[in-house]
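Single-structure report; data block below.
The values are calculated or read from the model by the stated rules, or taken from the named source; none is laboratory data. Remember, it's a predicted structure, so these values are computed and weren't measured experimentally. Note: ideal-geometry Cβ built from the backbone for every residue, glycine included; neighbour counts use all protein chains shown.
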Amino acid sequence: NAGVTQTPKFQVLKTGQSMTLQCAQDMNHNSMYWYRQDPGMGLRLIYYSASEGTTDKGEVPNGYNVSRLNKREFSLRLESAAPSQTSVYFCASSPGGTSYEQYFGPGTRLTVT
Amino acid sequence: AQKITQTQPGMFVQEKEAVTLDCTYDTSDQSYGLFWYKQPSSGEMIFLIYQGSYDEQNATEGRYSLNFQKARKSANLVISASQLGDSAMYFCAMRVMNTGFQKLVFGTGTRLLVSP
């Protein structure tokens, strides 16, 4: 039981390049989330997926797209990376309904030069 | 606006002593919940404790307890008998409803350093 896994762990991009961050959970959770963590700012929600087949914007969605490929997988895409997207990205999942705890992946450290 | 405020950027405590990490929140919802997460230097986010707004008793999980004062809108984390392994960032978060869906709003965190 791996919980929430994320790939890659580290990535360096040049401005304008694109990439997809992968996230998968094996806990049969309904809801999945993408956050970014910047120094001094805590975690901010980028996008979330309440259930398979649905996605919605969080606080800071600009410059990102997401895909809920199936119940297990939720990917985050940067179409044209910018230095402002340098951050640590966390994926999380939760059962949904009245179970509120979110389980986090190990994070992806992304640097855009 | 729904917001979490953690006013202590850093805290120091000696091993075996107790420490309180402050968290205040702002919401107009009647139903909400407060979480504490620990983030060690390795970077992962570890769930510690949860308190629902209707829970009458303060939540406890081992050495962690949540001092919930609803009238003051505070949800402080108390760590008893600190250990060296407690050195980490600690984040307070609030469960909020948005268009029928539960999401978390995080504070900016407190860095705790436990010394021998």
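Of the numbered conditions (1) surrounded by fewer than 17 Cβ atoms within 10 Å (Cβ to Cβ); (2) more than 14 Å from chain B (Cβ to nearest Cβ); (3) in contact with a Leu (Cβ under 9 Å, 6 or more places away or on another chain), A:VAL66 satisfies every one except a single condition; which is it?
It fails just one condition, (1).
Which residues, taken from region B:47-62, are over 16 Å from B:VAL19 (Cβ atoms) and either of a type in the set (D, E, K, R) or not in a strand (DSSP E or B) (or both)?
B:SER53, B:TYR54, B:ASP55, B:GLU56, B:GLN57, B:ASN58, B:ALA59
Answer yes or no as to whether B:LYS38 is crowded, with 16+ Cβ neighbours inside 10 Å, modelled with pLDDT of 95 or more and either outside any strand (DSSP E or B) or of a type in the set (D, E, K, R) (or both).
Criteria met by B:LYS38.
What number goes with the only condition from (1) within 14 Å of chain B (Cβ to nearest Cβ); (2) free of Cβ contacts under 8 Å to residues at least 40 places away in the same chain that A:GLN6 does not pass?
In the conditions (1) within 14 Å of chain B (Cβ to nearest Cβ); (2) free of Cβ contacts under 8 Å to residues at least 40 places away in the same chain, A:GLN6 misses (2) alone.
Taking the condition of being closer than 23 Å to B:VAL13 by Cβ and not in a strand (DSSP E or B), how many residues in region B:73-116 meet it?
Going through region B:73-116 one residue at a time, the tally reaches 12.
When you go through (1) within 25 Å of B:ARG95 (Cα to Cα); (2) touching a Lys or Arg at 6+ places or on another chain (Cβ under 9 Å) one by one for A:THR20, which number turns out not to apply?
Looking at each condition in turn, A:THR20 falls short on (1).
Among the listed residues A:PHE74, A:PHE104, identify the single one that is among the aromatic types (Phe, Trp, Tyr), surrounded by 20 or more Cβ atoms within 10 Å (Cβ to Cβ) and more than 8 Å from every other protein chain (Cβ to nearest Cβ).
Among A:PHE74, A:PHE104, only A:PHE74 is among the aromatic types (Phe, Trp, Tyr), surrounded by 20 or more Cβ atoms within 10 Å (Cβ to Cβ) and more than 8 Å from every other protein chain (Cβ to nearest Cβ).
Find all pairs meeting these conditions: Cβ atoms under 7 angstrom apart; at least six residues apart or on different chains; first residue within region B:88-116 and at positive phi and within 7 Å of chain A (Cβ to nearest Cβ); second residue among the aromatic types (Phe, Trp, Tyr) and part of a strand (DSSP E or B).
B:GLY109/B:TYR90; B:GLY109/B:PHE91
Are there any pairs with C-beta distances below 9 angstrom linking a residue in region A:34-63 that is farther than 24 Å from B:GLN6 by Cα and within 8 Å of another protein chain (Cβ to nearest Cβ) to a residue that is among the aromatic types (Phe, Trp, Tyr) and surrounded by fewer than 19 Cβ atoms within 10 Å (Cβ to Cβ), with the two at least 6 apart or on different chains, and if so which?
Filtered contacts from region A:34-63: A:TYR48/B:PHE101; A:ALA50/B:PHE101; A:ASP56/B:PHE101.
Give me the pairs, please: first residue somewhere in region A:16-28 and under 9 Å from A:ALA2 (Cβ atoms) and surrounded by 14 or more Cβ atoms within 10 Å (Cβ to Cβ), second residue anywhere and of a type in the set (Phe, Trp, Tyr) and at pLDDT 95 or above, beta-carbon distance under 9 Å, and either six or more positions apart or on two chains.
Within 9 Å, the pairs are A:ALA24/A:PHE74; A:GLN25/A:PHE74.
Looking at (1) more than 14 Å from every other protein chain (Cβ to nearest Cβ); (2) among the small types (Gly, Ala, Ser); (3) not in a strand (DSSP E or B), which one does B:SER65 not meet, given that it meets all the others?
(3)
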